[in-house]
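What follows is a short report on a single structure.
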Amino acid sequence: MSFSPVPSYSFGAVTDISHEFLRGIGVTFLMLDLDNTIAPYGADTPDDGVVRWADALRAEGIRLFIVSNSRKRGRAEQFAKSLRIGYINAAGKPSPAGVLAAVRGCGAATGSSALVGDQIYTDTLAANRAGVTSILVKPLRLNNAFLAARYGLEAPFRALAKPVLDGGQYIGR
Ligand SMILES: [Mg+2]
């Protein structure tokens, strides 16, 4: 278990994460944070780009699963149905329990699993503690002062992640 707040990789957006990249790092089970990762707060359905991205990964044998801290059960369920994948809500990130439940429940292994999310202090920590690859994306919208302030506090740790451009090309470091 690692308590490191440093993500393994960072991308601009979830749709930049390709199956080639995931295969390249040995990941076949990708867990998704919901709010501000695959949809902004308040959105009821994933946009077409996210649906196409999920379909493309699935076609390449990458399994997807939502691990959301949202306490609104219907919200995570609705996104899961739209994307035709499984989910857990009230996952309690940064606890690793929800992540590990998803990995085990889906018959995956931590070594071939990753969690992608927009927040260091919930998503990255939960992934690192669970022993799965942590992938950070930029929040879709910083639509209030609290989110903006928290994003600022995350800056030092965001800077330490390996930035990845689409297609799996590393930049920096
Ligand atoms: Mg989020």
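The values are calculated or read from the model by the stated rules, or taken from the named source; none is laboratory data. This structure is a prediction, so every number in the text was calculated from the model and none was measured. Cβ coordinates were reconstructed from backbone atoms using ideal geometry, including for glycine residues, and neighbour counts include every protein chain displayed. Surface accessibility is based on the protein's heavy atoms, side chains included, excluding ligands, DNA and RNA. Shrake-Rupley method; radii C 1.70, N 1.55, O 1.52, S 1.80 Å.
With a simple spin-label model that places each label point 7 Å from the Cα along the Cα-to-Cβ direction, the separation between D55 and S4 comes to 3.7 nm.
In a fully extended conformation the segment linking S95 and A155 would gain 19.4 nm over its present Cα-Cα distance, using 0.36 nm per residue. Applying the criteria of a DSSP loop state and at most 13 other Cβ atoms within 10 Å to the trypsin sites (Lys or Arg not before Pro) of segment 64-127 yields R71, K72, R84.
Each DSSP beta bridge with both residues in segment 9-170 is either parallel or antiparallel, and the antiparallel ones are about 10%.
Close amide H pairs (under 5 Å, H built 1.01 Å from N) link K162 with Y9, S10, residues at least 5 positions away or on another chain. The Rg/Rh ratio of segment 58-146, with Rg taken over Cα atoms and Rh as the Kirkwood radius over Cα pairs, comes to 0.96. Computed over protein heavy atoms with a 1.4 Å probe, the carbon and sulfur contribution to the accessible area of segment 86-125 reaches 60%. Counting only protein heavy atoms and a 1.4 Å probe, segment 9-170 has 43 square angstrom of accessible area per residue.
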